[in-house]
Amino acid sequence: MIRYPITLEELRSRIEAEAPGWFALAAERTERLRQAGRYDEESGIWSRVKAVYMRLQHCKCAYCERRLSSEDFGGAIEHDLEHYRPKGPVPAWPSEMIARERGISYRFATGEPLPDGYYLLAYHVLNYATACKKCNSPLKASFFPIAGARGSKSDDPALLRGELPFLLYPLGDLDDDPEEILTFDGINPVPRVQRGPRSRRARVTIDFFELDEREELWRERAEVIRNLYIALEALRQGDELLRDRAARAIQTLLSPASEHTNCARSFRALYDRDRTRAVEIAERAQVYLESQSP
């Protein structure tokens, strides 16, 4: 995961340009939900602004950083505009079945259920992100693990920071920078620190989205590492023309628009810090990719 910088004012401006009048409709709907005391709509209007988030996230999943199709070909199919805090009932996570099947066990609490959900945030623009189908459903579903106490009666996510969410929110500066919480050891996501709240956040986020178990993520990250390693070596040893091309390739691989940017940046930092270890990881990535070939 990485951060996608944007201010609330800029996000509101982009949404109004994409769907004029959306905020007035959203305010009316929020007021009706406030009166009802729960989310009770048959359908919502957030899909009208999905393209804004797709562009902001460079058509990547907010959580696993997979590259998804563009607006023209995959907007309605591959991208879900999901609610970070669920608008409907929130069950406890992990459920007994999830804990048993996936072997998840923590020595810390992950939050009580919230029967009414965060219905007042159904139309808050900093409660949205676009996610791939796998991350959004079945993994995220209506779960929202937290370290603190639930605080559902608010229409402003900034006032709910005391909940201490475990899941990272990557848009704007409402939350910590994901790269300060989660990094990579080769193709595997790991906590940046080994103890404390930030370590627990990383562990839960990794477990929640199965970021260390999904073969499609391993394969794509291995490809990123292989390509980045080749470019880094060309930059170090190649002639002038090759170094120029390598530098451009590295810039692309490290950019927020590329898939698995956090993984790429983590490997680049390792290459600069410990080239011997980086070579070992690059070789493992290549072996893994060869093992996946038919």
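When only residues in segment 192-208 that are among the charged types (D, E, K, R) and assigned to a helix (DSSP H, G or I) count, which is farthest from Leu182 (Cα to Cα)?
The qualifying residue farthest from Leu182 (Cα to Cα) is Asp207.
Could you name every one of the helices (runs of 4 or more DSSP H) located completely within segment 36-117 that has at least 1 residues being under 23 Å from Leu211 (Cβ atoms) and either touching a His at 6+ places or on another chain (Cβ under 6 Å) or among the basic types (Lys, Arg) (or both)?
It comes to 50-56, 96-102.
A quick yes/no check of all residues on (1) farther than 24 Å from Ser255 by Cβ; (2) surrounded by fewer than 14 Cβ atoms within 10 Å (Cβ to Cβ); (3) within 19 Å of the chain's Cα centre (by Cα):
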| site | (1), (2), (3) |
| --- | --- |
| Ile2 | no, no, yes |
| Tyr39 | yes, no, no |
| Glu42 | yes, yes, no |
| Gln57 | no, no, yes |
| Lys60 | no, no, yes |
| Arg85 | yes, no, yes |
| Ala92 | yes, no, no |
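Scanning for something of a type in the set (Ser, Thr, Tyr), free of Cβ contacts under 8 Å to residues at least 12 places away in the same chain and outside the structural domain of Arg100 (by TED's automatic domain parsing), does segment 262-272 turn up at least one residue?
No: segment 262-272 contains no residue that is of a type in the set (Ser, Thr, Tyr), free of Cβ contacts under 8 Å to residues at least 12 places away in the same chain and outside the structural domain of Arg100 (by TED's automatic domain parsing).
Between a first residue in segment 24-35 that is in the same structural domain as Tyr119 (by TED's automatic domain parsing) and a second residue that is in a helix (DSSP H, G or I) and modelled with pLDDT of 95 or more, which pairs have beta carbons less than 7 Å apart while being 6 or more apart in sequence or on different chains?
Matching pairs, first to second residue: Thr30/Leu120; Leu33/Tyr119; Leu33/Leu120; Arg34/Leu120.
Could you say whether any residue in segment 274-282 is part of a helix (DSSP H, G or I), of a type in the set (Val, Ile, Thr), in contact with a Phe, Trp or Tyr (Cβ under 9 Å, 6 or more places away or on another chain) and touching a residue at least 60 places away in the same chain (Cβ under 8 Å)?
Kept after step one, since they are part of a helix (DSSP H, G or I), are these residues of segment 274-282: 275-282.
Subset that is of a type in the set (Val, Ile, Thr): 276, 279, 281.
Within this subset, residues satisfying the condition of being in contact with a Phe, Trp or Tyr (Cβ under 9 Å, 6 or more places away or on another chain) are 279, 281.
Then drop every residue that is not touching a residue at least 60 places away in the same chain (Cβ under 8 Å), which leaves 281.
Yes - at least one qualifying residue is present in segment 274-282.
Here are Leu253, Leu235, Leu241: which of them is under 27 Å from the mean Cα position of the chain (by Cα) and aliphatic (A, V, I, L, M)? Steps first, answer last, please.
Values: Leu235 fails: under 27 Å from the mean Cα position of the chain (by Cα); Leu241 fails: under 27 Å from the mean Cα position of the chain (by Cα).
Step by step, each of Leu253, Leu235, Leu241 is checked, and only Leu253 is under 27 Å from the mean Cα position of the chain (by Cα) and aliphatic (A, V, I, L, M).
For segment 146-182, give me each residue that is under 17 Å from Ala202 (Cα atoms), assigned to a loop (DSSP other than H, G, I, E, B) and in contact with a Gly (Cβ under 7 Å, 6 or more places away or on another chain).
Matches in segment 146-182: Gly148, Leu164.
The values are calculated or read from the model by the stated rules, or taken from the named source; none is laboratory data. On a predicted model such as this, the values are computed, not experimentally measured, just so you know. Using ideal geometry, Cβ is built from the backbone for each residue, glycine included, and neighbour counts are taken over all protein chains shown.
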